[in-house]
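Here is the structure we will look at, set down as structure tokens.
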Amino acid sequence: MNLFRPKLLALSLLLAGTGSYGYGQEQTPITPPSPEAAAMMRNINIPVSHYTGTANINVPLYTIRTRDMEIPIQLDYHASGIKVQDFAAWVGLGWRLSVPASITRTAKRGYDEGGFMAGDGDLVRNGEWNEALFDQKIDVCDGEADLFYFEIPGKSGTMVWSPKKKQFYTVPYQNLKIDCFSSYNTFFGQFRITDENGNRYTFTPSEHVTLDDFHSVPTAWSISQILTAQGDWIEFDYLEGYDLKYGYMTYGGTQTYEVQKSPFTRTLKDDDDRTESNHGTSVSPKYLSCIRWRSGKMEFISDDNRAWTDVRTRRLTEIKLYAQPDRYIKSFRFSYNTFSNTALQLWKIEEANQETGKRELFCSFGYNTKQNLPLRNSLDMDHWGYYNGPNSSNGSLFPAHTVLGHAIPGADLTPHWPCTSANMLTSVTYKGGGKKEFEYEPNRLTSGEIIGGVRIKEIRECASATVPVSVTRYEYLEGEACDTDIYYTSVDTESPYLANTFTYRINSMSFNALFDQNGSPIVYPPVKETLPDGSYTLYRYSSFAQYSDSLPEIYTPYAAGMMHEPPSYSSRTYLPRTSYAWQRGLLLEQSLYSADGTLQVSYNHRSEAASTTFLGTSGLPTGYRLMAGVNGALSLYNGPNKTGSVIARSCGPLFQPTQR
């Protein structure tokens with residue numbers, strides 16, 4: 001058995017959530033998405049809301065209208081902070097072009113085309129587990145479901161594939177019909193999602209990851225056609241780009257030390273420092289080139305003129321708008337600069353008419369360049385991946401820590417403001433002189449402790465240079481983190497109960513989860529929004545205080561079988577907990593006050609969740625359960641169970657619900 005492999009198995013249940021990069025004792029190989037797919041996933045993971053402190057920043061370009069559907073085409077900026085390893089999409093760092101619909105996925109260890117939990121050979125059933133079988137299966141078993149992120153007009157979320165039922169289920173449950181079709185060489189060859197109104201959205205593969213010289217799998221599916229309930233149609237064409245080769249740090253380094261108390265010695269026993277290891281992933285992307293509908297079309301013009309040190313994706317240069325049949329109306333032209341780390345920077349958009357030669361500013365953008373991001377391969381980042389200043393890593397992949405009172409040098413992973421706000425969008429200037437300015441502040445707990453990322457503090461707006469500035473302010477009355485204790489060592493190295501000689505492992509990433517299922521490191525249950533006239537609104541959301549995650553049941557494999565550990569054993573195992581994230585972030589109360597503090601109106605919101613008997617109706621194999629992986633990973637886990645364990649229960653809206 002590998003040294004310090006966690007010989008623990010957890011009985012836990014995932015109730016809802018979306019995925020973030022995994023932190024855990026056994027680092028799970030994760031195939032990262034392309035820049036375009038990552039931008040879409042981030043908008044789904046961290047919703048624009050007071051609850052996460054994320055401002056709604058978008059630039060509307062055009063709205064496609066049919067008889068029964070409106071589809072806005074716009075630029076969205078996600079203002080939760082830019083991480084050191086973030087890619088710039090084809091419209092610049094932090095931005096995404098919001099098109100009607102798309103699907104992408106993050107693969108966990110293996111790809112789900114062949115199912116998961118199967119490992120190498122037959123499925124492992126209840127009662128068969130022991131230490132030897134655990135060792136045999138743990139390294140070859142794909143224990144986590146891939147996460148599929150979807151977006152259609154008015155809806156977005158996450159879905160997972162059930163190998164037994166051969167169908168997809170949304171997490172949490174949404175009233176959607178999801179069909180998946182295979183082609184001769186592609187298992188997930190086409191998706192069709194039908195919403196509750198009867199509108200049908202068809203998706204075809206748009207990105208493939210190359211596994212070897214003979215095999216590739218799709219990792220993203222773009223919308224190819226929308227058929228509305230009234231029979232209108234919208235069709236989409238794409239341009240194939242160069243194969244994109246990009247790298248990312250593994251962040252899976254571990255070191256094992258043997259420590260003697262007296263006299264104090266610390267000896268390196270095993271070193272898996274992968275600081276210099278970049279994984280290259282080859283992606284074959286497609287880029288939107290045309291949207292056609294009954295009364296018009298939009299053409300999307302792009303080129304590959306990006307900095308040679310930047311990621312090799314295309315950049316959008318122009319959007320042309322036509323009325324049928326091919327009557328040109330106008331264009332939106334995009335201009336770019338680069339940030340100091342060579343990432344693509346969206347500078348301005350101009351509205352133009354190539355027939356008349358008229359060209360005028362549509363909007364331009366300002367950014368925080370007082371603090372600049374380092375190159376993407378830098379180790380200078382905090383616990384959550386945000387920039388925390390030059391040389392903060394001290395050249396080390398592993399964090400500084402203490403062992404029995406002795407300071408061990410390493411990386412400083414604490415967040416440092418204002419470095420966290422490096423290269424963030426600070427202003428949008430519109431045609432006619434109107435302007436919006438955005439002021440951020442660090443995420444903070446109620447205690448005042450700084451957490452990674454940023455939150456919106458103030459939005460200043462004026463219609464023109466001659467009009468007074470109006471200011472909207474945000475106050476975050478409480479802040480709750482997913483986990484305030486961050487562990488990098490396998491044992492408490494300051495514990496007085498340690499043996500005279502003991503061994504511990506240190507990870508380059510935290511053992512425990514730092515993000516909630518929504519992808520945010522912090523949430524704000526009560527938030528105050530003050531409008532320019534002094535009136536204000538208090539928002540109150542459900543949070544960890546009402547719906548905290550629960551510790552799992554733990555079983556340890558021994559030669560003779562399984563042993564159930566007592567509840568106290570869970571305190572520092574870092575295993576995923578049963579997640580109630582689907583119950584958090586719900587708006588409970590909204591109260592509007594006048595400037596003098598007089599309550600004008602108050603709304604109480606009540607959410608009645610559907611109840612689900614989890615196993616049996618979900619189509620999972622007998623003895624399997626869905627569990628929350630570390631940092632939001634979604635896993636199907638098949639054992640071992642103690643005989644007679646109750647793993648079916650009622651929960652929130654997940655898979656097939658039965659209304660009360």
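Values in this text are rule-based calculations from the coordinates and carry no lab data. Remember, it's a predicted structure, so these values are computed and weren't measured experimentally. Using ideal geometry, Cβ is built from the backbone for each residue, glycine included, and neighbour counts are taken over all protein chains shown.
Things worth noting here:
- For the peptides 432-439, 528-535, 497-504, the ranking by packing is 432-439, 528-535, 497-504, with the highest mean count of neighbouring Cβ atoms within 10 Å listed first.
- Cut-off 12 Å between beta-carbons: net charge of the residues surrounding residue 224, Lys and Arg +1, Asp and Glu -1: +2
- Taking 25 Å as the limit for the C-alpha separation, the pairs 320/358; 320/348; 83/348; 286/320; 83/431; 297/436 exceed it in the case of 83/431; 297/436.
- Taking a sphere under 11 Å around the Cβ of residue 84 and counting the other residues whose Cβ falls inside, with K and R at +1 and D and E at -1, yields a net charge of -1.
- Taken as Cα centroids, segment 400-422 and segment 48-106 sit 33 Å apart, rounded to the nearest whole angstrom.
- Segment residue 65-residue 301, extension gain: residue separation times 0.36 nm, minus the distance between their alpha carbons: 82.8 nm
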